[in-house]
Amino acid sequence: MSIFNSWPGATSSYEGVDAYFTSADSEGTLIFWTLVSIAILIFTTWSAAKHESETDKNTK
Amino acid sequence: MTLEQLSSYVIAQSATVAEGWYYIMTGLMVAIHVGFLMYEVGASRMQNAVSSGVKNLLAFAFMIPTFWLFGWYIYLAFPHGLVPMDMEGYGVPWNVSMGPMLSDQLTGVFWAAFTLFACTTASVFSGAVIERIRISSFVFLAVLLGSVCWNLGASWGWHFDGWLVTKFGYHDVAAAGVVHMIAGWFAFGVILNLGPRVGRYNDDGSMNELEGHDLRFSFVGLLMIIVGFFGFLGACLIWPGLPALDMQEVTTWTQIYGAPATLSSFAYNTLMGLAGGMIGAFWMSKGNPFWMMSGGLAGIFSCASGLDIWYPGLAFVLGTVGGIIIIPANDLLHKIFKVDDPVGAVAVHGVAGIWGVLAMGIFASGYPGASDAIPAVSFYGQFVGCITMFAVGFIPGYGVSFVMKMMGWLRVPDHVQQAGIDKAELGLRATNY
């Protein structure tokens with residue numbers, strides 16, 4: 001089966017489609033979004049830890 | 001209608017209804033998290049109630065993407081031990097299998113149900129550490145538990161090809177060991193390093209009760225957890241005849257190992273175990289409603305390993321025993337280790353989980369495996385499973401939290417605890433009355 005909705009570009013047909021999501025035919029793009037997701041999780045955790053350390057100092 | 005049309009219709013209906021079942025069970029499991037949030041907020045003192053709730057919300061939010069990133073892959077790839085199977089990319093986040101496929105309606109909803117199982121393990125851990133763990137540290141540890149440790153245990157003992165199942169006949173259909181033991185003993189490992197809340201212990205070693213600010217929240221929360229567990233347990237069953245598992249000849253539900261099961265067996269034994277646990281804890285605690293509700297949960301976990309096969313009367317007895325033992329177990333853990341487990345999570349999940357796994361070996365020894373590849377249930381097999389689940393939970397929980405403690409990244413400093421975490425960190429208060 002072919003892959004739907006290649007990146008960049010609009011949907012052309014549902015005919016013979018299996019994977020139907022954005023960028024499904026571009027593994028590099030999927031890896032890119034995966035890395036962005038990981039970066040968001042790491043940044044948020046680091047940011048929360050930083051806020052906690054500042055609270056520690058400010059509460060003394 | 002031609003035979004081909006009828007066949008196409010039946011296949012389409014079967015796949016779509018199966019998909020719908022897991023979708024609805026996933027939604028129902030959200031009630032577990034509503035329940036844990038309410039329970040822990042109620043069990044926290046007013047000055048820390050908001051931060052306790054934030055912790056629960058973040059556990060939920062972080063578990064979902066991390067389970068997508070690596071949790072699901074770990075479950076699928078490690079049934080044979082610590083070396084991953086070659087799945088040709090299946091299950092890694094940049095593979096098309098981890099997005100919507102028209103040829104595969106089920107992976108997405110299975111992933112969703114397992115994600116909510118993972119969130120449940122994190123919520124179990126969450127209650128044990130309220131009022132003194134740093135939120136960022138909690139998130140990291142929750143991800144370790146829910147998207148790594150639990151998945152390994154599930155891959156080994158909650159998978160038709162897991163080594164505990166195929167070599168030892170380990171039988172744990174509703175996850176007494178795989179979820180509750182791992183989460184409970186992971187929590188124990190962490191609280192050994194985290195230390196008690198300020199004011200919990202006196203210098204002479206005697207213990208003070210630090211009462212939560214609103215018992216009503218805890219009551220409703222515990223009941224909500226029970227509501228959500230019907231979703232959890234419903235999602236533990238495999239829809240009849242799913243072609244992907246080559247079970248076309250089976251006309252009823254199967255449990256996760258592939259043997260026939262029914263929703264009725266789950267309904268009988270969940271309710272009977274719940275009632276037994278409540279009554280046992282009611283008697284043991286001399287009417288303490290907090291323990292009575294926790295006993296209800298422990299009663300369900302006491303029956304969880306054999307939820308597919310228990311006689312309901314036996315399930316009631318197992319639940320009663322579970323409800324009774326968690327109270328002295330909780331007292332003993334506090335007395336010996338001087339830990340602080342404000343909601344009794346280690347006893348309710350860790351100890352009742354042990355009882356549930358071993359009860360299977362005591363009362364259902366010789367029960368046949370689902371196929372020739374799976375040995376019959378034995379006490380030895382359940383005991384090996386028990387040790388394994390304890391290790392998968394306790395060792396990483398203790399080891400990683402020890403390193404975090406050395407780094408100064410685990411505990412809210414005592415002066416911040418005394419000031420109140422809500423005010424100091426969030427600038428909020430739980431209520432205005």
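Every read-out reported here was derived from the displayed coordinates using simple, explicitly stated rules and does not represent laboratory data. In this text, all values refer to a predicted model and were calculated from it rather than measured experimentally. Cβ: placed from backbone, ideal geometry, glycine included. Neighbour counts: every protein chain shown.
If we count other beta carbons within 10 Å of each Cβ, what is the order of B:Glu88, B:Glu425, fewest first? Can you show the working numbers first?
Values: B:Glu88 9, B:Glu425 25.
In order of increasing Cβ crowding within 10 Å: B:Glu88, B:Glu425.
From the backbone phi of the stretch A:50-60, what are the Karplus-calculated ³J(HN,Hα) couplings (6.51 cos²θ - 1.76 cosθ + 1.60, θ = phi - 60°) in whole Hz, Gly and Pro given as x?
Running phi through 6.51 cos²θ - 1.76 cosθ + 1.60 with θ = phi - 60° gives 5, 4, 5, 5, 5, 4, 4, 5, 6, 8, 5 Hz.
Summing -39500 (n - 2.57) over the DSSP H runs of n ≥ 4 in the protein assembly as shown and dividing by its residue number, what mean residue ellipticity at 222 nm do you reach, to the nearest 500 deg cm²/dmol? Could the numbers behind the result be given before it?
Working: 16 runs with 287 residues, N = 493.
Computed ellipticity for the protein assembly as shown at 222 nm equals -19500 deg cm²/dmol.
At R0 = 51 Å, how high is the FRET efficiency between B:Val83 and B:Ser365 if r is their beta carbon distance? Nearest 0.05 is fine. Walk me through the numbers before you get to the answer.
Numbers: r = 31 Å, r/R0 = 0.61.
Using R0 = 51 Å, I get an efficiency of 0.95.
Do any of B:Lys167/B:Lys405; A:Lys57/B:Lys55; A:Lys50/B:Lys335; A:Lys60/B:Lys55; A:Lys57/B:Lys335 go past 31 Å between their Cα atoms, and which?
Working: B:Lys167/B:Lys405 38 Å; A:Lys57/B:Lys55 22 Å; A:Lys50/B:Lys335 35 Å; A:Lys60/B:Lys55 24 Å; A:Lys57/B:Lys335 34 Å.
Beyond 31 Å between Cα atoms: B:Lys167/B:Lys405; A:Lys50/B:Lys335; A:Lys57/B:Lys335.
Pick out, from B:Val321, B:Thr251, B:Gly234, the residue whose Cα sits farthest towards the positive end of the charge dipole of the stretch B:226-361, with +1 on the Cβ of Lys and Arg and -1 on the Cβ of Asp and Glu.
Of the options given, the answer is B:Val321.
Just rank B:Tyr75, B:Tyr367, fewest to most, by other beta-carbon atoms within 10 angstrom. Show your work: numbers first, answer last.
Working: B:Tyr75 27, B:Tyr367 17.
Ranked by crowding around the Cβ, least crowded first: B:Tyr367, B:Tyr75.
Diagonalise the Cα gyration tensor of chain B and give the resulting equivalent ellipsoid semi-axes, square root of 5 times each eigenvalue, largest first, whole Å. Intermediate values should be presented prior to the final figure.
Details: eigenvalues 258, 116, 83 Å².
Whole-Å semi-axes of the equivalent ellipsoid: 36, 24, 20.
Given Cβ point charges of +1 (Lys, Arg) and -1 (Asp, Glu) and nothing else, what value in debye, to the nearest 20, does the dipole of chain B about its Cα centre take?
Numbers: 15 positive and 24 negative charges, 231 e Å.
Charge dipole of chain B: 1100 debye, to the nearest 20.
Just how far, in whole angstrom, is the stretch B:137-199 from the stretch B:88-118 if you go by their alpha carbon centroids?
For the stretch B:88-118 versus the stretch B:137-199, the Cα centre distance is 22 Å.
Provide the percentage of antiparallel DSSP beta bridges, counting only those with both residues in the protein assembly as shown; round to the nearest 5. Walk me through the numbers on the way to the answer.
Details: 6 of 8 bridges.
Percent antiparallel among DSSP bridges in the protein assembly as shown is about 75.
Using modelled backbone amide H atoms (1.01 Å from N, in-plane), which distant-in-sequence or interchain residues come within less than 5 Å of B:Val377's amide H?
Those qualifying (amide H under 5 Å, at least 5 residues apart or on another chain) are B:Gly366, B:Tyr367, B:Gly369.
Give me the one-decimal nm value for the distance between modelled label points at B:Leu263 and A:Glu54, 7 Å along each residue's Cα-to-Cβ direction.
5.1
With θ taken as phi - 60° and the coefficients 6.51, -1.76 and 1.60, list the Karplus ³J(HN,Hα) couplings across the stretch B:424-430 in order, rounded to whole Hz; mark glycine and proline as x.
With the stated coefficients, the stretch B:424-430 comes to 5, 9, 10, x, 10, 9, 5 Hz.
If you take the square roots of the eigenvalues of the alpha-carbon gyration tensor of the stretch B:84-224 and sort them as a ≥ b ≥ c, do you get rounded (a/c under 1.5), prolate (a/b over b/c) or oblate?
In terms of gyration-tensor shape, prolate.
Can you work out the Karplus-derived ³J(HN,Hα) for every residue in the stretch B:316-322? Use 6.51 cos²θ - 1.76 cosθ + 1.60 with θ = phi - 60°, whole Hz, and x for glycine or proline.
Each residue's phi maps through the Karplus curve to give 5, 5, 4, x, 4, 4, x Hz.
What angle do you read, to the nearest 10 degrees and between 0 and 90, between the alpha-carbon axis of helix B:3-43 and the longest principal axis of chain B?
10
Under 5 Å between amide H atoms, partner at least 5 residues away or on a different chain: which partners does B:Arg411 have, H built in plane at 1.01 Å?
Amide H neighbours of B:Arg411, under 5 Å, 5+ apart: B:Arg134.
Between B:Ser305 and residues 5 or more places away or on another chain, which pairs have amide H atoms under 5 Å apart, with H built 1.01 Å from N, and which residues are they?
Amide H to amide H, under 5 Å and 5 or more residues apart or across chains, B:Ser305 pairs with B:Ala174, B:Ala176.
Can you sort A:Glu52, B:Glu211, B:Glu40 by how many other beta carbons sit within 10 Å, fewest first?
Numbers: A:Glu52 20, B:Glu211 10, B:Glu40 29.
Ranked by crowding around the Cβ, least crowded first: B:Glu211, A:Glu52, B:Glu40.
Tell me the label-point distance for the pair A:Ser47, B:Leu428, using the 7 Å Cα-to-Cβ offset, in nm and rounded to one decimal.
It works out to 1.6 nm between the two label points.
Using only the Cα atoms of the protein assembly as shown, build the gyration tensor, take square roots of its eigenvalues as a ≥ b ≥ c, and label the shape rounded, prolate or oblate: rounded if a/c is under 1.5, else prolate if a/b is larger than b/c, else oblate. Don't jump to the answer; show the numbers that get you there.
On the way: a/c = 1.92, a/b = 1.25, b/c = 1.54.
Oblate, because a/c is 1.5 or more while a/b does not exceed b/c.
With each label point set 7 Å from Cα along the Cα-Cβ vector, what nm distance links B:Glu4 and B:Leu223?
Result: 5.6 nm between the two label points.
If we count every other residue with Cβ under 15 angstrom of A:Glu54's Cβ, Lys/Arg +1 and Asp/Glu -1, where does the sum land?
Working: positive: A:Lys50, A:Lys57, A:Lys60, B:Arg134, B:Lys423; negative: A:Glu52, A:Asp56, B:Glu425.
Net charge around A:Glu54: +2.
Just how large is the dipole of the protein assembly as shown about the Cα centre, in debye to the nearest 20, putting +1 at every Lys and Arg Cβ and -1 at every Asp and Glu Cβ?
Values: 18 positive and 31 negative charges, 336 e Å.
Here the size comes out at about 1620 debye.
Dividing the convex hull volume of the Cα atoms of the stretch B:101-141 by its residue count, what figure in Å³ per residue is obtained? Let's see the in-between values first.
On the way: hull volume 2.8 nm³, N = 41.
That works out to 68 Å³ per residue.
As I understand it, the dipole of chain B uses +1 on the Cβ of Lys and Arg and -1 on the Cβ of Asp and Glu, about the Cα centre. Which of B:Val220, B:Ala267, B:Met407 lies farthest toward its positive end?
About the Cα centre, the residue reaching furthest to the positive side is B:Met407.
Between 0 and 90 degrees, rounded to the nearest ten: what's the tilt of helix B:289-304 against the longest Cα principal axis of chain B?
Approximately 30 degrees, to the nearest 10.
Let me know the charge dipole size of the stretch B:191-292 about its Cα centre in debye, to the nearest 20, where only the beta-carbon of Lys, Arg (+1) and Asp, Glu (-1) is charged. Don't skip to the end; give the middle numbers.
Numbers: 4 positive and 7 negative charges, 35 e Å.
The dipole magnitude comes to about 160 debye.
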